[in-house]
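Visitor: Mind looking over this structure? Questions follow.
Here, each number is a calculation from the coordinates, and none is a lab measurement. Since the model is a prediction, treat every value here as computed from it, not as a measurement. Cβ sites come from the backbone with ideal geometry, for glycine too, and all protein chains shown count toward neighbours.
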Amino acid sequence: MIDAVIGLYLNFFVLIAQLFGKVPALKALAPTQTEAPFKVAQFTALVAFLLLGIFATRGVRNEQLRTAWCVAFASAGTTVFPSFRETEYSTVVSLRR
């Protein structure tokens, strides 16, 4: 997941550079791509993709851990944590049989 976000960010980074190099209105704002508008655009993209990566991995990681713990406890024959929903527990129990 993180590799995909990094790859997408790098493609977006190149897209911004290409836009500032080829679109006349953007080229007028930053002709050498060292001016403030170019830096602001790149920084905004970086922050957006950092947040995208954090939010994308947060949900996947928690769900994977929850499933792993359910399977581990169910296969050991012990009770699952009370915080797990009944549907998750019944799914794990049905996998165990």
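Visitor: Between LEU51 and LEU10, with labels modelled 7 Å along Cα→Cβ, what's the label distance in nm to one decimal, could you check?
Guide: Distance between label points: 2.5 nm.
Visitor: When a footprinting reagent is the concern and you count Cβ atoms within 10 Å, what order do LEU29, LEU10 take, fewest first?
Guide: LEU10, LEU29
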